[in-house]
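Take a look at the structure set out below.
The values are calculated or read from the model by the stated rules, or taken from the named source; none is laboratory data. Just so we're clear, the structure is a prediction, and the values are computed from it rather than from any experiment. Positions of Cβ are generated from backbone atoms using ideal geometry, with glycine treated the same way; all protein chains shown enter the neighbour counts.
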Amino acid sequence: MPPKIFTHKQAGEQLGVSERTITRWVASGALKRYRINSQLVITKDSLEKAEPPLNGGMDNPKIGRLKGIIRSLVEMIGSRGLNLTDEETETMQKVKNELG
């Protein structure tokens with residue numbers, strides 16, 4: 001019997017995530033996809049064996065570099081003594097906490 005296959009959208013529906021998340025998992029190697037004729041598909045077996053990153057792919061080197069840049073910007077803004085609104089200060093603190 002041929003394997004059950006899914007498009008990225010269908011795979012996302014099966015796993016309860018967005019199509020974009022499926023694409024990111026494929027790009028990170030956490031999920032295997034195949035080409036059948038001109039269509040990119042994911043098999044049911046691949047979905048069952050998937051090991052999606054629990055951190056949403058934050059270990060990706062490009063994302064790590066962006067985190068570093070954002071961290072530097074947040075520190076620079078904080079060190080300039082700018083008059084930030086309470087909302088801006090709160091957002092800066094949230095960003096600091098998220099980046100670790």
Within segment 38-70, residues part of a loop (DSSP other than H, G, I, E, B) and modelled with pLDDT of 75 or more come out as Ser38, Ala50
Log entry, pairs with first residue in segment 18-45 being more than 12 Å from Phe6 (Cα to Cα), second being assigned to a loop (DSSP other than H, G, I, E, B) and among the aliphatic types (A, V, I, L, M), beta carbons closer than 8 Å, six or more apart or on different chains, reads Trp25/Leu31; Trp25/Ala50; Ala30/Ala50; Leu31/Ala50
Picked from segment 1-31 (must be of a type in the set (Lys, Arg) and assigned to a helix (DSSP H, G or I)), the residue surrounded by the most Cβ atoms within 10 Å (Cβ to Cβ) is Arg24
